[in-house]
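Trainee: Have a look at the structure that comes next, please.
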Amino acid sequence: MWGFLFLAALWLAAVMLAVFVAVMIFPVVLLAGTVIAVGIHLLYVHATLFPDHADGPSPVMRPDGSAGRDPAYRHYLVGQVWKDWRAIVRGTMPRVVARAEKAVSTATRVLVGGEQAWFLFPLWIGVVAGIVAAFVPAGLIALFVVAMYLVAIVLGLLGWLACVAVLRALEQVFMVIRRILQTCPYPGCYARFTLPVYACSTCGARHARLTPDTNGAARHVCRCGTRLPTTILLGRYRLQALCPVCDRQLPTRVGRVRIEPLPFAGGPDAGKTTFMALAVDAVHSAVNTAGGSVLFAQKSDEQAFRNLRRELSAGRVSKTLPDLPKAVMLDVALPGGTGGKRILYLFDPSGEHYTGASKIEEMRYLSHGEALILIIDPFALPEVQDHLLESERKALTAKGVMLSREDPADTFNRLRNELAGRADGGKQRRVAVVLTKADLLKQTTSGRGIEEVRAWLTLMGLGNLVRELDHQGAQVRYLSSGLPPDSGRIAEMLGWLTGLRLSADLGDASAQELTTGDARRPWEVRPRLEGRPPLSYLVFRRALAVATIAASMLMVLVFSVQLLAQWLPSSRPVRLGSTSAVESGTPIPITKSMAGRWGGTVQQGSGRYRVRLTLTRGALPGSRAGTVSYPKLGCSGTLTREPDRGVAGWIVVRENITDDPKSSCVRIGWISLERHSGTTLAYRWYGTADLTAPEATAALTK
């Protein structure tokens, strides 16, 4: 019987010991489980966000430009950031759950897998409870990290949207101020557009929406890894631009420089091609004189111009083909502050296109610009033809002049009717009327007075044309042109038409050869290596990774401190007046509400007597704090402020009895005063400095 009782007592002692150990080990297991769960999460954060390659737990897919999208990576905060977070969550949760299940299984096998369960069952409960409970702080830490993650993403998106709005607004302002016009120079298209298609400078991929949007604010990243500027101000014009309609190459600096279409309108054999050649030479000479540069945008234009100059030297110009014209493109750049920059589109169609309304309708470029050059062949005027002498006719025929029966008035009327039916009403702001073949006209009887072109045209039957131009409200200038040309006057008129400040005084400067060239500095940026995501992805990923790791570790540290503070017992209690009590730091002076006169009845054993205190406002430890008196005992003295004892709301003063004729009071004592309410102080009197137990107490009122 006694043996059984001994064994039962021994078993009970073992179980109690297991319970004690379980209670002590629970917070350890709880903290360890939390740290392990957070550690697994951080491992996946590191594996997903730190590597500089496109593969991994959250691969970065290379854009293919399908579904009508540009072949560019989307901004990280728009798409990839959510994929990364899903990859981290999907990798962390199963691993944490599997690790917890394995820990529970191991604890069950070791602690309660045999006869030891009779003794270790409480310990098993403590371990399993700690493992399960670890999901609570781990979940709270995860919620905090998710909240921080979302806040960072929202702030990043707001900053990105602000950049997008600012960059778009700046580009719009730039376009409006510079009056940027962008059109296609190619026949069959002649489209007008607001944004060209741009080709990547590395791989040639087409980007139709290279502007601040979901692919990026300041830069888009092509599928090859090349970073492309999104606005003209950031250098987008340095890329090769293409027409968004016909996909043919546009001149360089499109968007940066205003395109100025200059259509030459006139009937067959009016001299449009000859005057265009003279105009190109005049502009070239004037710009070179001013210290600027003129370049052909395409090599084919340079070759065609060289052939035209050779034909002019030979005295016979080939007839223009009946096809719709491709513009001759000139990139003109004058020095800053003296003029401006323009891309000139010179359209020289065959005269047959102006002989029928349907043909004029095909020339959609006529409504793009603000300028028009109206070429008038004087020998096509009936009034001139009817008054030519026979000798004059023979002389003109010998020089290759064909007398056209297409009256310039009819050509102008068809052109006016077509333009009037278009959206802008065909109201050109500037019209140059050029009377060609002036050198030959002066050799005829009809050529007298052509120095005043406007008056001469009115005299020769084009009064209606002159009056119609005046009625339209356009600025009109008249010029006579012949060989040799007056390049100064031609340059001045072309400058007026295009908004360039070209002087008529060409000086003695000898123009350099007009060639094809590129007036901009091409965009050359080294792309990222194959298999690596955009640099912006790497920056955002690592910034979020660092923030996530820092936030997680901070929360684990806070949880650990709180857990240990709440679970582990303190080494010993802190008593009022104990030398181990932590002082409060900076001493607090006696406040206004505590200062003043206080009084009350002291209870000391079975005896009772009155006490009166006067506390001095602002008294600090070590200074005099007031006076004390005991009327019934007939003694009084001073109070000196003692150092604070580490208990908030308490002050301690030392009592020195200086007046005690009956020797009824203790000479030195210590008083603690605690503020209970606005009008009450708790008074405790101690006979020793350790303040272990009060010998007298009272409740004082003011």
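Trainee: Can you name every residue in region 450-500 that is touching a helix residue (DSSP H, G or I) at 6+ places or on another chain (Cβ under 6 Å), part of a loop (DSSP other than H, G, I, E, B) and of a type outside the set (Gly, Ala, Ser)?
Mentor: Once the filter is applied, which keeps residues that are touching a helix residue (DSSP H, G or I) at 6+ places or on another chain (Cβ under 6 Å), part of a loop (DSSP other than H, G, I, E, B) and of a type outside the set (Gly, Ala, Ser), region 450-500 yields 450, 483, 485.
Trainee: Of the residues that sit in region 173-214 and are more than 18 Å from residue 259 (Cβ to Cβ) and outside any loop (DSSP other than H, G, I, E, B), which one is most open to solvent (accessible area, probe 1.4 Å)?
Mentor: 206
Trainee: Which of the residues spanning region 53-68 are surrounded by 15 or more Cβ atoms within 10 Å (Cβ to Cβ) and within 27 Å of the chain's Cα centre (by Cα)?
Mentor: Let us first name the residues in region 53-68 that are surrounded by 15 or more Cβ atoms within 10 Å (Cβ to Cβ), namely 54, 56-58, 60, 63, 65.
54, 58, 60, 63, 65 - these are the residues of region 53-68 that are surrounded by 15 or more Cβ atoms within 10 Å (Cβ to Cβ) and within 27 Å of the chain's Cα centre (by Cα).
Trainee: If you go through region 137-155 one residue at a time, do you hit one that is farther than 30 Å from residue 540 by Cα, among the small types (Gly, Ala, Ser) and out of contact with any strand residue (DSSP E or B) (no Cβ under 6 Å at 6 or more places or on another chain)?
Mentor: Scanning region 137-155, I find no residue that is farther than 30 Å from residue 540 by Cα, among the small types (Gly, Ala, Ser) and out of contact with any strand residue (DSSP E or B) (no Cβ under 6 Å at 6 or more places or on another chain), so the answer is no.
Trainee: Would you please list the contacts, defined by Cβ atoms under 8 Å and residues six or more apart or on different chains, that run from a residue in region 390-418 that is farther than 16 Å from residue 378 by Cβ to a residue that is open to solvent by 30 Å² or more (accessible area, probe 1.4 Å)?
Mentor: 414/355; 414/357; 416/468; 417/357; 418/357; 418/361
Trainee: Please work out if residue 192 is at pLDDT below 95 and closer than 22 Å to residue 166 by Cα.
Mentor: No: the conditions fail for residue 192.
Trainee: Which residues, counting only those in region 133-172, are over 21 Å from residue 547 (Cβ atoms) and surrounded by 15 or more Cβ atoms within 10 Å (Cβ to Cβ)?
Mentor: If the condition is that a residue be over 21 Å from residue 547 (Cβ atoms) and surrounded by 15 or more Cβ atoms within 10 Å (Cβ to Cβ), then 133, 134, 135, 164, 167, 168, 170, 171 are the ones that fit.
Trainee: Any residue that is within 60 Å of the chain's Cα centre (by Cα) and open to solvent by 30 Å² or more (accessible area, probe 1.4 Å) - is there at least one of those in region 686-695?
Mentor: no
Trainee: Out of (1) at pLDDT below 90; (2) within 19 Å of residue 433 (Cβ to Cβ), what's the single condition that is false for residue 314?
Mentor: Just one mismatch for residue 314, condition (2).
Trainee: I would also like to ask the following. How many of the residues making up region 511-562 are under 30 Å from residue 303 (Cβ atoms), open to solvent by 60 Å² or more (accessible area, probe 1.4 Å) and in contact (Cβ under 8 Å) with a residue 12 or more places away in the chain? It would help to see each step written out before you state the result.
Mentor: If we filter region 511-562 for residues that are under 30 Å from residue 303 (Cβ atoms), which is where we start, we get 511-524.
Checking the rest, the ones that are also open to solvent by 60 Å² or more (accessible area, probe 1.4 Å) come to 512-513, 518, 521, 524.
The next check asks that each one be in contact (Cβ under 8 Å) with a residue 12 or more places away in the chain; those that pass are 512, 518, 521, 524.
Of the residues in region 511-562, 4 are under 30 Å from residue 303 (Cβ atoms), open to solvent by 60 Å² or more (accessible area, probe 1.4 Å) and in contact (Cβ under 8 Å) with a residue 12 or more places away in the chain.
Trainee: Only residues in region 431-443 that are in contact (Cβ under 8 Å) with a residue 24 or more places away in the chain count as the first member; pair them with residues that are of a type in the set (Lys, Arg) and surrounded by fewer than 21 Cβ atoms within 10 Å (Cβ to Cβ), Cβ under 7 angstrom, at least 6 apart or cross-chain, and list the lot.
Mentor: Sorted first by the residue in region 431-443, then by its partner, the pairs are 432/477; 440/399.
Trainee: When region 154-197 is examined, which residues are found to be on the phi < 0 side of the Ramachandran plot and among the hydroxyl-bearing types (Ser, Thr, Tyr)?
Mentor: 183, 186, 194
The values are calculated or read from the model by the stated rules, or taken from the named source; none is laboratory data. The shown structure was predicted, so the numbers you read here are calculated from the model rather than taken from an experiment. We place every Cβ from the backbone using ideal geometry, glycine too, and count neighbours over all the protein chains shown. Just so you know, the surface numbers come from the protein's heavy atoms only, side chains and all, with ligands and any DNA or RNA stripped out. Shrake-Rupley method; radii C 1.70, N 1.55, O 1.52, S 1.80 Å.
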